[in-house]
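**Q** Shown below is the structure under consideration.
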Amino acid sequence: MYTIITKNQCNFCDTAKALLVGADKQFRVINVQDPEKKWVLTLLKQAGYTTVPQIIDPDGRLIGGYTELKEYFNVTSSS
């Protein structure tokens, strides 16, 4: 299952979720604005990531943002 780290009112986050839905991939959403998930924002900042979405593949590897997700599916679909 994919994981998408997101926040409210984020067009790239919404587009990334739509891409996953269109690719028929299951995913869970971690919203950094959820009071119980703010710790994820702290981890992202400590790791040097300043933007969302951040997408993680089912094997736990960081894909990156929406642009990288698009490239990821272009590569995996052509393999």
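**Q** For residues in the stretch 42-72 being among the hydroxyl-bearing types (S, T, Y) and in contact with a helix residue (DSSP H, G or I) (Cβ under 9 Å, 6 or more places away or on another chain), which is surrounded by the fewest Cβ atoms within 10 Å (Cβ to Cβ)?
**A** Per the stated criteria, the residue is T50.
**Q** Being of a type outside the set (A, V, I, L, M, F, W, C) and either out of contact with any strand residue (DSSP E or B) (no Cβ under 7 Å at 6 or more places or on another chain) or more than 15 Å from I56 (Cβ to Cβ) (or both) is the filter here, so list the residues in the stretch 1-25 that pass it.
**A** Of the stretch 1-25, the ones of a type outside the set (A, V, I, L, M, F, W, C) are 2-3, 6-9, 11, 14-15, 17, 22, 24-25.
Passing the criteria: K7, N8, Q9, N11, D14, T15, G22, D24.
**Q** OK, next. If W39 meets every condition in (1) more than 12 Å from the chain's Cα centre (by Cα); (2) surrounded by 16 or more Cβ atoms within 10 Å (Cβ to Cβ); (3) not charged (D, E, K, R) apart from one, which number is that one?
**A** Single failed check for W39: (2).
Readers should treat all values here as calculations from the given coordinates under stated rules, not as data from a laboratory. Small disclaimer: the values here were computed from a predicted structure and weren't measured. Heads up, the Cβs are rebuilt from the backbone with ideal geometry, glycines too, and the neighbour counts pull from every protein chain shown.
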